[in-house]
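Read through the structure below, which is laid out as structure tokens, and then see the notes.
The values are calculated or read from the model by the stated rules, or taken from the named source; none is laboratory data. It should be emphasised that the depicted structure is a prediction, and the values quoted were computed from it without experimental measurement. Don't worry about glycine lacking a Cβ; one is built from the backbone with ideal geometry, like all the others, and counts go over all protein chains shown.
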Amino acid sequence: MVSIVLDGKKIDVEEGTTILKVARDMGIDIPTLCYHEMIKPYNACRLCIVEVTSNGRTTITASCSTEVEDGMVVKTDSLSVINVRKMVAELLLARAPSVEKIREIAAKLGIEESRFVEEKEQRCILCGLCVRACEEIVGVNAISFVNRGPEREVSTPFKVESDVCIGCGACEYFCPTEAIKIEDIKGRKVLHDYLYLGPTKAIRVPFLQAIPNVPVIDVNYCIHFKTDNCKLCEKLCESDAINHDMKDEYEEVDVGAAILTTGYELFDSLKIPEYGYGKYPNVINGLQFEHLCHASGPTGGKILLENGSEPQQVAIIHCVGSRDKNYKSYCSRVCCMYAMKFAHLVHEKTNAHIYEFYIDIRSFGKGYEEFYNRMLSEGVTFIRGKVAEVNDGALTPEEEGKLIVRCEDTLVGIVRRIPVDMVVLCPAVISRNDSEEVAKLFGLTLSADGFFREQHPKLGPISTDSDGIFIAGACQGPKDIPDSVAQGAGAAGGVLSLGDYYSVEPIYSVIDDKLCAGCKICISVCPYDAITFNEEENVSEIQEMLCKGCGACVAACPGGVARQNGFQDEQIFAEIEGVLI
Amino acid sequence: MIIVNNDFEPKLVGFLCRWCSYQGADLAGTSRIEYPPNLIPIRVMCSGRVDPSFVMKAYSEGADGVLIFGCHPGDCHYKEGNYKTIRRYSMMKKLLGEFGIEDERFRLEWVSAAEGEKFTEVVKDATEKIKKLGPLNWKEVLEV
Ligand code: FES
Ligand code: FES
């Protein structure tokens, strides 16, 4: 601890603290431009100067880099400090008159116009924050100062495109005067590729109400994982909760049953190029619309077009890729209802006119038909017909700048052209692309549409052909939330009712020990190691508990000694005789 | 001279594994797909349960063709039952060839639980081909 006098007040402070920090902690306002608490001070802007008297000598010095010493007397607002600061501000203002932050600082000091004129107006004040951030935090040194005197500027070596730059945007972030702008050239993205509706950070809470509600680090975008540096978040986190060395871990857990709830995927709307998805920015799919509407989304829940304005007309297209022989012939079940929910949201949040293009409205659930009727009364225009095309070829002045939805209105029997500002596609719900692998892993089979097949469509809708494996939710077929919840609860109930006993099918195999010759062929074909050899008796024996009843041993037994309950040779022979009468 | 008897309706016996093919056939039924009634399915737990004697029995009882249906390779509910079927099938094929039984009269097909459509295709195809071949008449020959 050292004691100093700051603006007439005597205080004890920790050794090694800078004057700026002490003053700011006491609530004294000292302007700074080139200072950032996470980066080493550099004394470039000189706005933070104070008057320091130490060992009988008085000097004017930068407070951001000067550490306190015992007996120091510091004045932050003496006449000479103010005069020098005013001069610094005036010079900065002359160099960068259009920088808001500098104008503000100058205005606080009573300067509106600078007496000096600089030939060339600039934004960069050569404070070096960007250079230091790139070096100290990012650790790649992609930019630095080049040239000297009036020519001095920040640039990449030889002013050519840097190949060490990782496009992290730290320089832009730290720049106090907005002199640096990050642009997306050559696909070196600073944005998230899957949340293209707006930029996100490399460390963030995945979404509002995430469980667990803690931030995660995206290793694909975090600077530390690119350059081994930065770790700013770790330094700032007071409870030391951030650990960059954490790795994904695989844990083996012994369980008695499993419920598969692997969900679904969305049909890729790019496969139907006629709808202009990926070509026109205002053609979005259902999930993107949800993201747009979400209170924590990129627009704070406002429904806006790409240019930030509110849409005047919105088209919602049902059955994109579903109920379509060319793609998926089944009905995705959830789209009609969520499409109508979208209509309701648009109606609530904007003044836009809404068009729903449908093949059939399937409002099958409790309260659903009532909701459909409500949408009709809210003025949504329902057009029965499959949309042929979405394009931007205007034929009339009213269509200028709009997206044109072309569709046959099958109720009226005419082809319509409807100009809209935004198109929301409702793509088919499809099985996950790894469903085949997962099915193999758990011994399940797939239905024709690629979803997991339940044991029986009516009598075993949650169990599967594999004992102890249950399925719930959209991995079994397109399903809405209430149905998924019901199936999930059913699956949990199915697991709980398994009890602590094991039931075997009555169809298992047996070996007649009196007739067995001990050839052991059955042992070699059993996939479950359910047959053991009794050396004493010289016979093979089947453990009923392990036998799954496939009958491989029965077919292989040369003596006809192994027999399968329910499927004995004689029984099958009798069947053959019976069917061939 | 080949005499084609158009009224001849072949009798086919199918051994269907319980997990894939039988359910596939079931699906064909619940989807109301039409297909020739010539094949009569017999359910076994796994295609690997099909003993060569079943096949011989079927021919000797008057079948004009025998089809074994199993899960696709790798999908057998009992892991490897259908691999055993493949081996047994090629062995039997040779043997039946020696007896003069044509290729078309003995088939092994993979039909999954989702392939109701495929099941009916196979049955249609087999019925047509065996119709062309004419009756096998093993039962009559054996009885003489
Ligand atoms: S803030 Fe201290 S010199 Fe710029
Ligand atoms: S269970 Fe179908 S072939 Fe084995």
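The table that follows gives values for the structure above.
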quantity: Complete set of residues in segment B:35-89 that are among the aliphatic types (A, V, I, L, M) and either on the phi > 0 side of the Ramachandran plot or outside any helix (DSSP H, G or I) (or both); calculated: B:39, B:40, B:42, B:44, B:45, B:50, B:63, B:66, B:67, B:68
quantity: Only listed residue being more than 30 Å from residue A:561 (Cα to Cα), modelled with pLDDT under 95 and either crowded, with 17+ Cβ neighbours inside 10 Å or within 16 Å of ligand 2 (Cβ to nearest atom) (or both), chosen from B:131, B:79; calculated: B:131
quantity: Lone qualifier among B:73, B:37 - being surrounded by fewer than 18 Cβ atoms within 10 Å (Cβ to Cβ), farther than 20 Å from residue B:129 by Cα and away from ligand 1 (no atom under 16 Å from the Cβ); calculated: B:73
quantity: Subset tally (residues that are of a type in the set (Ser, Thr, Tyr) and more than 11 Å from ligand 2 (Cβ to nearest atom)) for segment B:39-55; calculated: 1
quantity: When residues of segment A:564-575 are limited to those that are facing chain B (nearest Cβ under 7 Å) and free of Cβ contacts under 8 Å to residues at least 24 places away in the same chain, the one farthest from the chain's Cα centre (by Cα); calculated: A:573
quantity: Pair list, Cβ under 6 Å, 6 or more apart: segment A:7-22 residue in the same structural domain as residue A:81 (by TED's automatic domain parsing) and under 18 Å from residue A:48 (Cα atoms), other residue more than 15 Å from ligand 1 (Cβ to nearest atom) and in a strand (DSSP E or B); calculated: A:22/A:13
quantity: Of all residues in segment A:32-85 being out of contact with any helix residue (DSSP H, G or I) (no Cβ under 8 Å at 6 or more places or on another chain) and among the basic types (Lys, Arg), the one that is farthest from ligand 1 (Cβ to nearest atom); calculated: A:57
quantity: Selection from segment A:306-323 of residues that are assigned to a loop (DSSP other than H, G, I, E, B) and either crowded, with 19+ Cβ neighbours inside 10 Å or at pLDDT 90 or above (or both); calculated: A:310, A:311, A:312, A:321, A:322, A:323
quantity: Enumeration of residues in segment B:83-108 that are facing chain A (nearest Cβ under 10 Å) and either under 18 Å from residue B:14 (Cβ atoms) or of a type in the set (A, V, I, L, M) (or both); calculated: B:85, B:88
quantity: Scope segment B:109-144; condition under 12 Å from the mean Cα position of the chain (by Cα), away from chain A (no Cβ under 14 Å) and touching a residue at least 40 places away in the same chain (Cβ under 8 Å); matching residues; calculated: B:109, B:122, B:123, B:124, B:126, B:127, B:130
quantity: Condition check for residue A:88: outside any loop (DSSP other than H, G, I, E, B), crowded, with 19+ Cβ neighbours inside 10 Å and more than 16 Å from ligand 2 (Cβ to nearest atom); calculated: yes
quantity: Residue match in segment A:3-19 (condition: more than 14 Å from chain B (Cβ to nearest Cβ), more than 16 Å from ligand 1 (Cβ to nearest atom), more than 30 Å from residue A:139 (Cα to Cα) and among the basic types (Lys, Arg)); calculated: yes
quantity: Those residues of segment B:58-84 which are free of Cβ contacts under 8 Å to residues at least 60 places away in the same chain and touching a Lys or Arg at 6+ places or on another chain (Cβ under 8 Å), in sequence order; calculated: B:66, B:67, B:68, B:74, B:75, B:78
quantity: Matching residues in segment B:40-70 - criterion: being at the interface with another protein chain (Cβ under 8 Å from one of its Cβ atoms), within 18 Å of residue B:103 (Cα to Cα) and surrounded by 24 or more Cβ atoms within 10 Å (Cβ to Cβ); calculated: B:58, B:63
quantity: Pairs, first farther than 18 Å from residue B:70 by Cβ and hydroxyl-bearing (Ser, Thr, Tyr) in segment B:86-99, second at pLDDT below 95 and part of a helix (DSSP H, G or I), C-beta under 7 Å, six or more apart; calculated: none
quantity: Total residues in segment A:533-563, condition under 26 Å from residue A:501 (Cβ atoms) and facing another protein chain (nearest Cβ under 7 Å); calculated: 4
quantity: Residue selected from segment A:56-72 under the condition touching a residue at least 12 places away in the same chain (Cβ under 8 Å) and in a strand (DSSP E or B), by the criterion farthest from ligand 2 (Cβ to nearest atom); calculated: A:60
quantity: Selection from segment A:514-526 of residues that are within 17 Å of residue B:51 (Cβ to Cβ) and either touching a Phe, Trp or Tyr at 6+ places or on another chain (Cβ under 8 Å) or within 14 Å of chain B (Cβ to nearest Cβ) (or both); calculated: A:521, A:522, A:524, A:525, A:526
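Per-residue answers, yes or no, for (1) in contact (Cβ under 8 Å) with a residue 12 or more places away in the chain; (2) closer than 18 Å to residue A:410 by Cβ:
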position	(1), (2)
A:316	yes, yes
A:320	yes, yes
A:323	yes, yes
A:336	yes, yes
A:356	yes, yes
A:359	yes, yes
A:369	no, no
A:379	yes, no
A:394	yes, no
